[in-house]
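**Student:** I have a structure I would like to understand better, so I am pasting it below and will then ask my questions one at a time.
The values are calculated or read from the model by the stated rules, or taken from the named source; none is laboratory data. Source: prediction; values computed, not measured. Note that we place each Cβ from the backbone using ideal geometry, even for glycine, and neighbour counts take in every protein chain shown. With ligands, DNA and RNA removed, areas are computed over all heavy atoms of the protein, side chains included. Shrake-Rupley method; radii C 1.70, N 1.55, O 1.52, S 1.80 Å.
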Amino acid sequence: MTTPFSYVRPRSVADVISSLEAEGATIHAGGTDLLGCLRDGVYAVDTVVSLGDVEGLAGVRELKDGGLAVGAMTTITDLAGHATVAGRYPGLAQAAAAVASPQLRHQGTVGGNLCQKPRCWYYRGDFPCLRKGGYKCFAVNGENQHHAILGGAQCFIVHPSDLAPALMALDAAAIIDGPAGTRRVAVADLHVAPAEDPTRETVLEPGEVITEVRIPAPPAGLYNSYRKIRTRRSWDFAIAGCALALTLDGDTVRQARVVLAAAAPVPWRSTAAEDVLRGNPLDDAHIRDAAETAMADAVPMTHNAYKVPLFKGMLIEELAKARPR
Amino acid sequence: MTDDTRDGHRSGGQELSRRAFIKTSGMGTVAFAMGPAYGAGQAAADEETETRLEAGETVPITLHINGRSERLLVEPRWSLLFVLRERLGLTAAKVGCERGECGSCTVLLDDVPRYACMTLAVEAVGRRIETAEGLMDGETLGQVQASFVKEDGLQCGYCTPGQVMAAEGLLRRNPSPGRDEIRHAMSGNLCRCGAYAHIFNAVEDAARHRKG
Ligand SMILES: Cc1cc2nc3c(=O)[nH]c(=O)nc-3n(C[C@H](O)[C@H](O)[C@H](O)COP(=O)(O)OP(=O)(O)OC[C@H]3O[C@@H](n4cnc5c(N)ncnc54)[C@H](O)[C@@H]3O)c2cc1C
Ligand code: FES
Ligand code: FES
């Protein structure tokens, strides 16, 4: 059982925002991450603000520019099974289908998935780690086989979300409502790197709520995929993953987005690999070069050097699948 | 299971009988105004724009479980799993990890399998909740349960009620799933005894009988 908390069920986004003014108020979307954190004592809340009764936050709608808006309360099951999503952005549907287990996908939401807390066992466990306001990252000299090989600084978590890299590859943006009004933040800018602030996961300010995620229209010739590697197949977090969004003209790559999952504390865009691919044919040499380049700056920890060849092999396989047949 | 055992409640150190409990909750000192969507009997709802439940206090709610309306007192922090087992005596849903990792607490909410350990009871108000008890026809096993027995879909049986509910949810959505779809739909339910092959056979058997 968790420590006691109050519970409110507002009907509108405006009421959500005012409910969040209370000290220690936290959003409950599906609750799958929130309840786990409360039970493990990762943090405490005074007031749980449920989004369950807020009108209009669930579902997928068409945008005039040919893109899609996905409501923050859309369940991951509904995202994975949405025909238009799967048709336009197959990688996003693949990522959604690979999240957690069926029961958690039925309950977990898109907004909650983007804002979920890290899965590092020291963070979730009884350790006064840096991210919880403690004094050090216990993974540095500890069990770090699932931790970061890129982008680590002070704290070495990997970002646990499968949806975030997929959305980032598609240039999606989160629409955020708060006391100061509505703003739009690219998913690429939503998460905070530990070098900047190791105690913070997202740029959301107190009182802010994600209402939807907007995905631009798919460019002509888009190839979009998501690959997730985990230690067991039934369900698990990624040990390596990649979202690809390539636009191809014949076999020449015009635009490229390569975003790595489970590599870094934030979804990790490999602009260096994208540079190798852009303007070039998607042949064996460029594919190998891109995979090497993506890992060029990798700094493995004591127990996770296996991730480097794993990411390379995965990128080679995934990029090869993108070749026009 | 009798109503007496199901409705024993403890509140403020006082054991409440079913009758006393209903009286108390009927006069509930804390107003829990649910929206119109939460059904009849909540006259105050229309005027309320928001519901607020205070920490540490119990409030009366109505849960719709296995076709019955259960009115009971809950704290906001209580999980549906806790309420089912400890307040209503419905012990089919099992306590496993309480972290959303094992599936032993699987129940149906509006026909969809969910983990009761990761669901607050107050979030389940207004939904149709079903547990393995609800699949019984009196003392007779429901079809999915009978198929688990027939196909030896269990060893110790601890995971079984959760497996049964995951299977029931699958078959309501798709009455004739293939083996791969069965494996996929059952992937959120772990079995420490490793009875998986028999579990999948049981789901196939239940699907055959549902069709026939
Ligand atoms: C056993 C297990 C395995 C998992 N495996 C995976 C996996 O493989 N891949 C993966 O991607 N995820 C995985 N997850 C995470 C799961 O997908 C998330 O728990 C889920 O997506 C969170 O959604 P929710 O709606 O339940 O969020 P909640 O638990 O309700 O919220 C999570 C956090 O986000 C905040 N929040 C929620 N919605 C909003 C919003 N609209 N605006 C602002 N803040 C908000 C909450 O305050 C809270 O801090 C797993 C979780 C578990 C328990
Ligand atoms: S007890 Fe709910 S998933 Fe394990
Ligand atoms: S039968 Fe023992 S855990 Fe599944």
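**Student:** Quick one: what pairs do we get from the range B:152-171, first residue of a type in the set (Val, Ile, Thr), second in a loop (DSSP other than H, G, I, E, B) and more than 16 Å from ligand 1 (Cβ to nearest atom), C-beta under 6 Å, 6+ apart or different chains?
**Tutor:** That search, which allows pairs on different chains as well, returns B:Thr160/B:Leu154.
**Student:** Then there is this: I need the full set of residues from the range B:112-131 which are farther than 20 Å from A:Ala100 by Cα and outside any helix (DSSP H, G or I), in order please.
**Tutor:** Across the range B:112-131, the qualifying residues are B:Val125, B:Gly126, B:Arg127, B:Arg128, B:Ile129, B:Glu130, B:Thr131.
**Student:** Name every residue in the range B:196-212 that is within 14 Å of chain A (Cβ to nearest Cβ) and under 17 Å from B:Ala146 (Cβ atoms), in order of residue number.
**Tutor:** Listed by number, the residues that qualify are B:Ile199, B:Phe200, B:Val203.
**Student:** Right, another one. When the range A:250-272 is examined, which residues are found to be within 19 Å of A:Pro90 (Cα to Cα) and not basic (Lys, Arg)?
**Tutor:** A:Val253, A:Gln255, A:Ala256, A:Val258, A:Val259, A:Leu260, A:Ala261, A:Pro267, listed by residue number.
**Student:** Taking the range B:109-122, which residues are more than 9 Å from chain A (Cβ to nearest Cβ) and in contact with a Lys or Arg (Cβ under 7 Å, 6 or more places away or on another chain)?
**Tutor:** Correct list: B:Asp110, B:Asp111.
**Student:** Among (1) part of a loop (DSSP other than H, G, I, E, B); (2) away from ligand 1 (no atom under 16 Å from the Cβ); (3) without any contact (Cβ under 8 Å) to a residue 24 or more places away in the chain, there is one condition B:Gln145 misses while meeting the rest; what is its number?
**Tutor:** Among (1) part of a loop (DSSP other than H, G, I, E, B); (2) away from ligand 1 (no atom under 16 Å from the Cβ); (3) without any contact (Cβ under 8 Å) to a residue 24 or more places away in the chain, the lone unmet condition for B:Gln145 is (1).
**Student:** Could you tell me which residue of the range B:125-166 is nearest to the other protein chains (Cβ to nearest Cβ), considering only residues that are within 16 Å of ligand 2 (Cβ to nearest atom) and of a type in the set (A, V, I, L, M)?
**Tutor:** Of everything passing the filter in the range B:125-166, B:Ala166 is nearest to the other protein chains (Cβ to nearest Cβ).
**Student:** Between a residue in the range A:96-117 that is within 11 Å of another protein chain (Cβ to nearest Cβ) and any residue that is open to solvent by 10 Å² or more (accessible area, probe 1.4 Å) and at pLDDT below 95, which pairs come within a Cβ distance under 6 Å, given they are 6 or more apart or on different chains?
**Tutor:** The qualifying pairs are A:Ala100/A:Trp235; A:Ser101/A:Trp235.
**Student:** Restricting attention to the range B:148-177, which residues are open to solvent by less than 60 Å² (accessible area, probe 1.4 Å) and either of a type in the set (Val, Ile, Thr) or within 16 Å of ligand 1 (Cβ to nearest atom) (or both)?
**Tutor:** Those that are open to solvent by less than 60 Å² (accessible area, probe 1.4 Å) and either of a type in the set (Val, Ile, Thr) or within 16 Å of ligand 1 (Cβ to nearest atom) (or both): B:Cys159, B:Thr160, B:Gly162, B:Val164, B:Ala166.
**Student:** Just give me the residues in the range A:43-57 being more than 10 Å from every other protein chain (Cβ to nearest Cβ) and crowded, with 18+ Cβ neighbours inside 10 Å, in sequence order.
**Tutor:** A:Leu51, A:Val54, A:Leu57
**Student:** Any idea which residue in the range B:110-126 is farthest from the chain's Cα centre (by Cα), counting only those that are within 16 Å of ligand 1 (Cβ to nearest atom) and of a type in the set (D, E, K, R)?
**Tutor:** That would be B:Glu123.
**Student:** Same structure, new question: Name the residues in the range A:11-30 that are open to solvent by less than 20 Å² (accessible area, probe 1.4 Å) and either within 16 Å of ligand 2 (Cβ to nearest atom) or more than 27 Å from the chain's Cα centre (by Cα) (or both), would you?
**Tutor:** Hit for the range A:11-30 is A:Gly30, nothing else.
**Student:** Next question, about the same structure. Please go through the range A:1-32 and give me each residue that is part of a loop (DSSP other than H, G, I, E, B) and more than 9 Å from chain B (Cβ to nearest Cβ), ordered by number.
**Tutor:** Within the range A:1-32, A:Leu20, A:Glu21, A:Ala22, A:Glu23, A:Gly24, A:Ala29 meet the criteria.
**Student:** Confirm whether B:Asn189 is within 14 Å of chain A (Cβ to nearest Cβ), of a type outside the set (Ser, Thr, Tyr) and either within 14 Å of ligand 3 (Cβ to nearest atom) or over 22 Å from the mean Cα position of the chain (by Cα) (or both).
**Tutor:** When the stated conditions are applied, B:Asn189 passes them.
**Student:** Hey, could you check the range A:267-293 for residues that are open to solvent by less than 20 Å² (accessible area, probe 1.4 Å) and touching a residue at least 24 places away in the same chain (Cβ under 8 Å) and say which is farthest from A:Pro118 (Cα to Cα)?
**Tutor:** Step by step, filter the range A:267-293, then rank; the result is A:Leu282.
**Student:** Do we have any residue at all in the range B:101-108 that's surrounded by fewer than 22 Cβ atoms within 10 Å (Cβ to Cβ), within 15 Å of ligand 3 (Cβ to nearest atom) and within 14 Å of chain A (Cβ to nearest Cβ)?
**Tutor:** Yes, the range B:101-108 contains a residue that is surrounded by fewer than 22 Cβ atoms within 10 Å (Cβ to Cβ), within 15 Å of ligand 3 (Cβ to nearest atom) and within 14 Å of chain A (Cβ to nearest Cβ).
**Student:** Oh, and also: In the range B:64-89, how many residues are open to solvent by 10 Å² or more (accessible area, probe 1.4 Å) and more than 9 Å from every other protein chain (Cβ to nearest Cβ)?
**Tutor:** 11
**Student:** Counting residues that are touching a strand residue (DSSP E or B) at 6+ places or on another chain (Cβ under 9 Å), more than 12 Å from ligand 1 (Cβ to nearest atom) and within 24 Å of A:Cys242 (Cβ to Cβ), which helices (runs of 4 or more DSSP H) fully inside the range A:33-125 reach at least 2?
**Tutor:** A:83-88, A:90-97
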